[in-house]
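Q: What follows is a single structure, and I will ask about it in a moment.
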Amino acid sequence: MNIYRYEENPLITPADIQPYHEGFKVIGAFNAGVAEYNGETLLLLRVAEQPISDDPNKLLAPVYNTESGTVDLVELDLRDERYDFSDPRVVRDVTQGTTFAFLTSISYIRIARSVDGHRFTIDSEPFIYPSNTHEIFGIEDPRVTQMGDDYYIYFSAVSPVGIGEAMVSTRDFVNVIHHGMIFSPDNKDVLIFPEKINGKYYALHRPTTSSAGMPEVWIAESDNLLYWGNHKHLFGLREGMWDSARIGGGAVPIRTKHGWLELYHGANKEHRYCMGAVLLDLDDPTKVIARSERPILEPDAPYEQQGFFGDVVFSCGAVVNGDIVKMYYGVADTSMACAELSLQQMVDGLVSVQHVKEQTV
């Protein structure tokens, strides 16, 4: 498959963004939702900011204060054996198993704007900022679905009670209506289809439980975009392959004559994140037609391999122009990049699910 990575990659890095919080540094500008508005390409960046600690033995964990509307800092001693600091993203409480106690940064959404899709200017203020008790650890990895004049923006809301999916909507990327949490914890990687199918709205989502099951992709339906039901498991992990450890939706599903093309992310047990594709039936997206055996994009470039959390390509949105899919994606949990791929080549590279079943019988 032909892949054209932009020469300007990475398009946006933490160095391009002034921190919003005094005494913080920007450690990530990545995993952006994508929209087209007023002749511009908008990247709804997940901006991660980390408090700067003057003591090498202390870590400052940021927590949004719902009463003051500001961020409080919890001081943690790196020598405290109650906590596991090995993952740069989270602080785990070893007395509570695998759950995390704090994040090392706080994320919010800021808009980057471009006329040509290559060079971006970045707004100086947040567009969507934590606003309630379900978002006190931040809001992450937005996606954007346009329906008519309305843009629905949904993102992971992170707090001590879990990670769920919240949604807002806008018509002008200035004024925002909050719709609350549409998928309760633990759930993320939600993708809302850009049109009704047989009178229903559909969404992909990725629930995770500690009792049973794996981090795999489900599908749900709704009459109003707010209340979702008739949940069905859609597709899962594949042992020994690039998507053997976890998967989740990436870009908003793309309507093609062959079916709904979904670009999704997958990781193996070494936490190497790639992008792949799956094709769903146009009239019944609960049916999987075909799936990629090989990734359509792997972390091969240096800026994809090295960063805050390396070996990661992670898309939250794409722009389609004819046969060209401009896939914007986060790299190494640090920066933003873009690659162009052929829509037809991606479809041609998929393997029929029925063929796989016949081969394994």
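Q: Just how large is the dipole of the chain about the Cα centre, in debye to the nearest 20, putting +1 at every Lys and Arg Cβ and -1 at every Asp and Glu Cβ?
A: Computed about the Cα centre, the dipole is about 760 debye.
Q: From Cα coordinates alone, what are the radius of gyration and Dmax values for the chain in angstrom?
A: Looking at the chain, its Cα Rg and Dmax stand at 19.7, 61 Å.
Q: Then there is this: Springs between alpha-carbon atoms under 10 Å, Gaussian network over the chain: tell me which of Ala277, Ala220, Ala212 tops the mean-square fluctuations.
A: Checking each option, the largest mean-square fluctuation is seen for Ala212.
Q: Next question, about the same structure. Among Tyr273, Asn230, Asn57, whose Cα projects farthest towards the positive end of the dipole of the chain, with charges put on the beta-carbon of Lys, Arg (+1) and Asp, Glu (-1)?
A: Ranked along the dipole, the leading option is Asn230.
Q: With only Lys, Arg, Asp and Glu charged, each at its Cβ (+1 for the first two, -1 for the last two), find how big the charge dipole of segment 28-104 is about the Cα centre; round to the nearest 20 debye.
A: 200 debye
Q: Working only with C-alpha atoms, what are the Rg and Dmax values of segment 144-227, expressed in angstrom?
A: Taking only Cα atoms of segment 144-227, I get Rg and Dmax of 13.3, 42 Å.
Q: Build a GNM of the chain with springs between Cα atoms under 10 Å: which of Ser53, Ser211, Ser156 gets the top mean-square fluctuation?
A: Ser211
Q: Within 13 Å, Cβ to Cβ, of Ser244, how many net charges do the neighbouring residues add up to if Lys/Arg are +1 and Asp/Glu are -1?
A: -1
Q: I'd like the carbon and sulfur percentage of the solvent accessible area for segment 43-92, probe radius 1.4 Å, heavy atoms only, ligands and nucleic acids excluded.
A: Details: 1110 of 2670 Å².
Using a 1.4 Å probe with all protein chains present, segment 43-92 comes out at 42 percent carbon and sulfur.
Q: So, one more: Take the alpha carbon atoms of segment 301-359, find their center, do the same for segment 17-49, and report the distance between the two centers in whole angstrom.
A: When both Cα centres are located, 20 Å separates them.
Q: Further question: Kindly provide the GluC sites (Glu not before Pro) of segment 267-346 that DSSP labels as loop, not H, G, I, E or B, and whose Cβ sees at most 15 other Cβ atoms within 10 Å.
A: Here the GluC sites (Glu not before Pro) that fit, given the DSSP loop and packing criteria, are Glu270, Glu293.
Q: Moving on. In Å², what does the accessible area per residue of the chain work out to with a 1.4 Å probe? If you can, show how the numbers build up before the last one.
A: Details: 15850 Å² over 361 residues.
Computed with neighbouring chains in place, this is 44 Å² per residue.
Q: Considering only Val288, Val34, Ile3, whose Cα is most displaced toward the positive end of the charge dipole of the chain, charges sitting on Cβ of Lys, Arg (+1) and Asp, Glu (-1)?
A: So the residue we want is Val288.
Q: OK, next. Are there any trypsin sites (Lys or Arg not before Pro) in segment 93-138 that are in a DSSP loop and have at most 13 other Cβ atoms within 10 Å? List them by number.
A: Arg119
Q: Choose one answer from Gln305, Gln146, Gln96: the residue with the largest mean-square fluctuation in a GNM of the chain with alpha-carbon springs under 10 Å.
A: Gln96
Q: If you don't mind, there's one more thing I want to ask. At a 1.4 Å probe, what is the % contribution of carbon and sulfur to the accessible area of segment 186-242?
A: In segment 186-242, the share of accessible area belonging to carbon and sulfur is 50 percent.
Q: Sorting Val252, Val47, Val174 by accessible area (1.4 Å probe), largest first, what list results?
A: If we order Val252, Val47, Val174 from most to least accessible, we get Val174, Val252, Val47.
Q: At a probe radius of 1.4 Å, what is the per-residue accessible area of Leu73, in Å² to the nearest 10?
A: Spelled out: Leu73, probe radius 1.4 Å, area about 90 Å².
Q: Continuing with the same structure: Do you know the relative contact order of the chain, to the nearest whole percent, from alpha carbon pairs under 8 angstrom that are 6+ apart?
A: 15 percent
Q: So, counting K/R as plus one and D/E as minus one, what does the shell of residues with Cβ under 13 Å around Gln18 add up to? Walk me through the numbers on the way to the answer.
A: On the way: positive: Lys25, Arg110; negative: Asp16, Glu22, Glu49, Asp123, Glu125.
Neighbour charge sum, excluding Gln18 itself: -3.
Q: While we're looking at this one, here's another question. Hey, what do the phi angles of segment 215-227 turn into as Karplus ³J(HN,Hα) couplings, whole Hz, using 6.51/-1.76/1.60 and θ = phi - 60°, x for Gly and Pro?
A: Coupling constants for segment 215-227: x, 10, 8, 10, 9, 9, 10, 7, 8, 9, 6, 9, 10 Hz.
Q: Let me ask another. Pick out, in residue order, every one of the GluC sites (Glu not before Pro) in segment 54-151 that is DSSP loop and has at most 11 other C-beta atoms within 10 Å; say none if there are none. Intermediate values should be presented prior to the final figure.
A: Working: sites: Glu67, Glu75, Glu81, Glu135, Glu140; in loops: Glu67, Glu81.
Sites meeting the loop and neighbour criteria: Glu67, Glu81.
Q: Grab the other residues whose beta carbon is less than 15 angstrom from that of Thr121, score K and R as +1, D and E as -1, and report the net.
A: Net charge around Thr121: -3.
Q: Related question: Evaluate the charge dipole of segment 108-155 about its Cα centre and quote only its size in Debye, nearest 20, assuming +1 on the Cβ of each Lys and Arg and -1 on the Cβ of each Asp and Glu.
A: 140 debye
Q: Another question, then. Can you tell me which lysines have their Cα less than 25 Å from the Cα of Lys58? Leave out same-chain residues fewer than eight positions away.
A: Reachable lysines: Lys25.
The values are calculated or read from the model by the stated rules, or taken from the named source; none is laboratory data. Predicted model, so just to flag it, every value in this text is computed and none were measured. Every residue, glycine among them, receives a Cβ derived from its backbone with ideal geometry; neighbour counts consider all protein chains shown. Please note that ligands, DNA and RNA were not included when accessible areas were found on the heavy atoms of the full protein model with its side chains. Shrake-Rupley method; radii C 1.70, N 1.55, O 1.52, S 1.80 Å.
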